Amino acid sequence: SRAYRWGEDGLGGICDEKQRLCFALALWNERDPILKERLFGLTNSEGNHGEDVKEYYFYIDSTPTHSYMKYLYKYPQREYPYRDLVETNRRRSREEFEYELLDTGIFDDDRYFDVFVEYAKASSEDILIRITVHNRGPGAARLRVLPTLWFRNTWSWGEDRSTRSTGSGQASSGQAPSKPSLREAGPGAIRATHAELGEYWLHCDGTPELLFTENESNAQCLWGQPNASPYVKDAFHAYIISKRRETVNPAKVGTKAAAHYVLEVPGGGSKAVRLRLTAVTINDPFGGFEEIFKTRIADADEFYDRISPNSLNEDERRVHRQALAGMLWSKQFYFFDLEQWLMEHKSHPLLESTRNGVRNAEWFHMLNNDVISMPDKWEYPWYAAWDLAFHTIALSLVDFDFAKEQLLLMLRSLYFHPNGQIPAYEWNFSDVNPPVHAWATLYLYKYERTLGRADLRFLERSFQGLMLNFNWWVNRKDPAGRNVFAGGFLGLDNIGVFDRSAQLPTGGSLEQADGTAWMAFYCQNMLEMALILSEYDPMYEEVAFKFIQHFMWITYAMDRLGEHHDEMWDEQDGFFYDLLRLPDGQAIRLKVRSLVGLLPLCAATVFDADAPERHPKLMEMIALFRKRHPELISHVAPTSEGFIGYKGRRLLSILNKQKLERVLGYMLDENEFFGPHGIRSLSRYHLEHPFVFHVDGQEYKVQYLPGESNTGMFGGNSNWRGPVWMPVNALLIRALLHLYQFYGDDFKVRCPTGSGRYMTLFEVAQEISRRLAGTFLREPSTSSGQPGRRPVYGGAAKFQDDPHWRDLILFYEYFHGDNGAGIGASHQTGWTGVIAALIDIFGRMDAKALELEREQISARLVREQVGGER
């Protein structure tokens, strides 16, 4: 009933780049109490494990230009169990599983519709739409299908700021906007008129009833106030379900319109609806319709055939393609004018602020007005900065330009805080995300350079913004100036003893091993970027030295020479831990074996043998630094092996060889971190040996849980007590490839692959990637010939066995640490889409070539995918 202010919603929808004109699907099965115009789910407080969408929908296909797109929504024929889902989840404890739509039994006898929505472009402004409804049940069933066209309401709040420029569009004049209109333009045709977009026509095949209303909030329903117009946003619901004919405009004009189709679909059969949204006049809108679709589908097939490694089998190609389709479908226009929002909430800090504690008040400069890659368009319909960095890794397989634009977006003045902070996410832009943008920038630059398109301008633009952000970290997140960092949750949500974004119950401060490792990694990335830029401008050589110094001091702060109890490395355990520093100065290691202690491994970067020759001035500065601080240099990897590795390569790493062996001993132990589907976020050791900490009679316990968390920290929607987390696994793989480049084939570690044999670090990286990909891939067929199961779907028989479900892949937020089942947000194709990049990297290795020369292949991977010279 409410008209959206900042963005729109819908089923399988599309819009223009500023979300002025929108198209999406609405449905009614003649049983539900509400018209299905949007997806249903539980809020954070309603779900026993936080917010969760309770629908089944799939992003099946998309090209990077969106010339062809395919979406599937599964709609039950019986009344949708809204109340049951809410009440049953409310009754369940955090010790129990979530109650899902499949659990209600509504799909048990296949009485549901598969509703496919496809888009095919005849040209950039001429889009063909095909909606195909399959009745999977045994008997005929009727479905109301309402393809809906509407204008986002940018006129009801006075000045239209939605078109204010962020650097790519024309700024608004500041005048009150003219109201756009939709009106009937002949049988089955709707004309859309907008001051900026011009005119569009929606042609509807057949003779559907055309319905019109206004995209205005129903004030009477929402607030008990009279409506300014009798025609409001929820009119089609009232017209179709309540049969209130007076709710739609008989003049066939408005700002929201729908074509009302009534489909009788036979059991096991299908019916289709065809539409065409175009900015050009077409006499025969459905002439050649099917041929255009065939051409665009062939284009999509050819595109994915060309970009997929030849070695991939059918199922690997399916996972690869659907992962990338999900990335492309998850673009969304995001509009948020913080200054306007704060003024309306009487909380602008520079004006007449009358309220305290209103979120994001310090971000009053911000105007977000762009198409952005979202983590999950239902659960997380706003950008998350560090998620976005991982998105670009997957997006680089299909659209370099968009991937680079996304990274630069966070460094623009209308996003980036004047103090140098990158915005985190909508509910708290000031929260601290791991600093991974430099790594993603370097990845994209290096990868694109191998294709002969070295985008130095992109690298330099990013570097300038990242310099400001790096300084923000140094100035704000190392309060004692000791080169140890505490940045809050830093992406690890619920993995620690305490809520790391809140005041500690002990007082004092937390020195984070992961926060400090993130900064060491940041130094390495900035160093690499500065060295590349120095080849074009020698000034950057001195800048590069700045980051070497920072790295040295940070590494030393984590473990000084000699044995100390106030540092993060525990020599007895051979692992890194967070350090709790009490108000009296006493320090206590919080001995939780988690990703906190594995992240220092990620800060490993290899440099080519000729780097000293190419950067003589830098080597002079390093020589002086070594002379002045010999205790630091002797402590940084690789120490006892000297600075020269395999084939003369150089290494910067927090871990020397001895520490590396000890940390890998934990990481590659199946009773600790090494799960069947990737590296767990918490050691399985803590299942039988939970970590317990007492403060003033209060017990704080960390215990391994392979799936959902059982704590209320972060509202119960935090998940890192043991599951597998795709983004950090990808960074660990990157580190292993770099370390392999330095240590070569002579350095091997024990890795449990069935035989328990010793493996090179290259083989370990390959094995972790294989386990991650195996989460989604179908296991071998059973002895009876039944298709194998996909671990991602756990015990959900419908997904495992039904031919209409088993090849549809969902890319969850995280995964069960023991069986790989998907958990959390079910459409987190964002960072989980990184699996497409891992499949791509290791899928390009020819088995025979691997036998001949693993090192050459790894070198190519580092050059093309991770870093190094071409």
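The values are calculated or read from the model by the stated rules, or taken from the named source; none is laboratory data. This one's a predicted model, so the numbers in the text were calculated from it and none came from an experiment. A quick note on method: Cβ atoms are made from the backbone with ideal geometry, for glycine too, and the neighbour counts reach across all protein chains shown. Please note that ligands, DNA and RNA were not included when accessible areas were found on the heavy atoms of the full protein model with its side chains. Shrake-Rupley method; radii C 1.70, N 1.55, O 1.52, S 1.80 Å.
Annotations for the structure displayed:
- Residue within segment 523-532 that is among the acidic types (Asp, Glu), within 28 Å of the chain's Cα centre (by Cα) and modelled with pLDDT of 95 or more present: yes
- Any hit, segment 319-342, residues being within 11 Å of the chain's Cα centre (by Cα), crowded, with 18+ Cβ neighbours inside 10 Å and in a loop (DSSP other than H, G, I, E, B): yes
- In segment 580-625, the residues that are among the charged types (D, E, K, R) and in contact with a Lys or Arg (Cβ under 8 Å, 6 or more places away or on another chain): Asp608
- Matching residues in segment 740-795 - criterion: being free of Cβ contacts under 8 Å to residues at least 12 places away in the same chain and part of a loop (DSSP other than H, G, I, E, B): Gly754, Ser755, Gly756, Arg757, Pro780, Ser781, Thr782, Ser783, Ser784, Gly785, Gly788, Arg789
- Index of the failed condition, Gly754 passing every other in (1) at pLDDT 95 or above; (2) open to solvent by 40 Å² or more (accessible area, probe 1.4 Å): (1)
- Among the residues of this structure, Glu528 counts as one that is acidic (Asp, Glu), in a helix (DSSP H, G or I), open to solvent by less than 20 Å² (accessible area, probe 1.4 Å) and touching a strand residue (DSSP E or B) at 6+ places or on another chain (Cβ under 8 Å).
- Test: residue in segment 415-425 that is touching a strand residue (DSSP E or B) at 6+ places or on another chain (Cβ under 8 Å), outside any helix (DSSP H, G or I) and modelled with pLDDT of 95 or more: yes
- Applying a threshold of 7 Å to beta carbon distances and a minimum spacing of six or more residues, or different chains, the list of pairs starting in segment 290-318 at a residue that is free of Cβ contacts under 8 Å to residues at least 24 places away in the same chain and ending at one that is part of a helix (DSSP H, G or I) and surrounded by 15 or more Cβ atoms within 10 Å (Cβ to Cβ) reads Tyr304/Arg321.
- Counting the residues of segment 104-145 that are open to solvent by 30 Å² or more (accessible area, probe 1.4 Å) and part of a loop (DSSP other than H, G, I, E, B) gives 9.
One line per residue, one yes/no per condition, for (1) in contact with a Cys (Cβ under 7 Å, 6 or more places away or on another chain); (2) over 30 Å from Glu316 (Cα atoms); (3) open to solvent by 50 Å² or more (accessible area, probe 1.4 Å); (4) outside any helix (DSSP H, G or I):
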{"site": "Phe236", "(1), (2), (3), (4)": "no, yes, no, no"}
{"site": "Asn249", "(1), (2), (3), (4)": "no, yes, no, yes"}
{"site": "His260", "(1), (2), (3), (4)": "no, yes, no, yes"}
{"site": "Leu263", "(1), (2), (3), (4)": "no, yes, no, yes"}
{"site": "Ala272", "(1), (2), (3), (4)": "no, yes, yes, yes"}
{"site": "Val280", "(1), (2), (3), (4)": "no, yes, yes, yes"}
{"site": "Gly287", "(1), (2), (3), (4)": "no, yes, no, yes"}
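- All positions within segment 378-429 that are charged (D, E, K, R), within 22 Å of Ala825 (Cβ to Cβ) and crowded, with 20+ Cβ neighbours inside 10 Å: Glu379, Asp387
- Condition met for Glu30 (among the acidic types (Asp, Glu) and in contact with a Ser or Thr (Cβ under 7 Å, 6 or more places away or on another chain)): no
- Conditions (1) open to solvent by 10 Å² or more (accessible area, probe 1.4 Å); (2) part of a loop (DSSP other than H, G, I, E, B): number failed by Pro434: (1)
- Single condition Glu567 does not satisfy, out of (1) within 23 Å of Trp472 (Cα to Cα); (2) among the charged types (D, E, K, R); (3) surrounded by 22 or more Cβ atoms within 10 Å (Cβ to Cβ); (4) without any contact (Cβ under 8 Å) to a residue 24 or more places away in the chain: (1)
- Residue check, Leu351 in contact (Cβ under 8 Å) with a residue 12 or more places away in the chain and of a type in the set (A, V, I, L, M, F, W, C): no
- Extreme residue, nearest to Lys121 (Cα to Cα), among residues of segment 1-56 that are assigned to a strand (DSSP E or B), free of Cβ contacts under 8 Å to residues at least 60 places away in the same chain and open to solvent by less than 10 Å² (accessible area, probe 1.4 Å): Lys36
- Some residue of segment 371-390 being over 29 Å from Thr43 (Cα atoms) and touching a strand residue (DSSP E or B) at 6+ places or on another chain (Cβ under 8 Å): no
- For segment 798-842, a tally of residues being buried (at least 24 other Cβ atoms within 10 Å of the Cβ), within 26 Å of Gly785 (Cα to Cα) and among the aliphatic types (A, V, I, L, M) returns 1.
- When we screen Thr295, Thr354 for residues that are at pLDDT 95 or above and more than 25 Å from Arg770 (Cα to Cα), the only hit is Thr295.
Each row is one residue, and each column tells you yes or no for (1) open to solvent by 20 Å² or more (accessible area, probe 1.4 Å); (2) in contact with a helix residue (DSSP H, G or I) (Cβ under 6 Å, 6 or more places away or on another chain); (3) more than 20 Å from Ile393 (Cβ to Cβ).
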| residue | (1), (2), (3) |
| --- | --- |
| Leu731 | no, yes, no |
| Ala735 | no, yes, no |
| His738 | no, no, no |
| Gly744 | no, yes, yes |
| Phe747 | no, no, yes |
| Arg750 | yes, no, yes |
| Met759 | no, no, yes |
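- Checking the stated criteria, Val273 turns out not to satisfy the condition of being of a type in the set (Val, Ile, Thr), in contact (Cβ under 8 Å) with a residue 12 or more places away in the chain and out of contact with any Ser or Thr (no Cβ under 9 Å at 6 or more places or on another chain).
- Hits in segment 109-123 - residues which are more than 17 Å from Asp802 (Cβ to Cβ) and in contact with a Ser or Thr (Cβ under 8 Å, 6 or more places away or on another chain): Glu118, Ala120, Lys121, Ala122
- Residue in segment 387-406 that is of a type in the set (Val, Ile, Thr), in a loop (DSSP other than H, G, I, E, B) and closer than 30 Å to Asp840 by Cβ present: yes
- Restricted to strands (runs of 3 or more DSSP E) entirely inside segment 146-221, no element has at least 1 residues that are at pLDDT below 70 and either open to solvent by less than 10 Å² (accessible area, probe 1.4 Å) or among the hydrophobic types (A, V, I, L, M, F, W, C) (or both).
- Against the list (1) in a helix (DSSP H, G or I); (2) surrounded by fewer than 19 Cβ atoms within 10 Å (Cβ to Cβ); (3) touching a Phe, Trp or Tyr at 6+ places or on another chain (Cβ under 9 Å), the condition Arg306 fails is (3).
- For segment 531-538, the criterion of being touching a Ser or Thr at 6+ places or on another chain (Cβ under 7 Å) and β-branched (Val, Ile, Thr) is met by no residue.
- Residue in segment 487-510 that is polar (S, T, N, Q), free of Cβ contacts under 8 Å to residues at least 40 places away in the same chain and under 21 Å from Tyr425 (Cα atoms) present: yes
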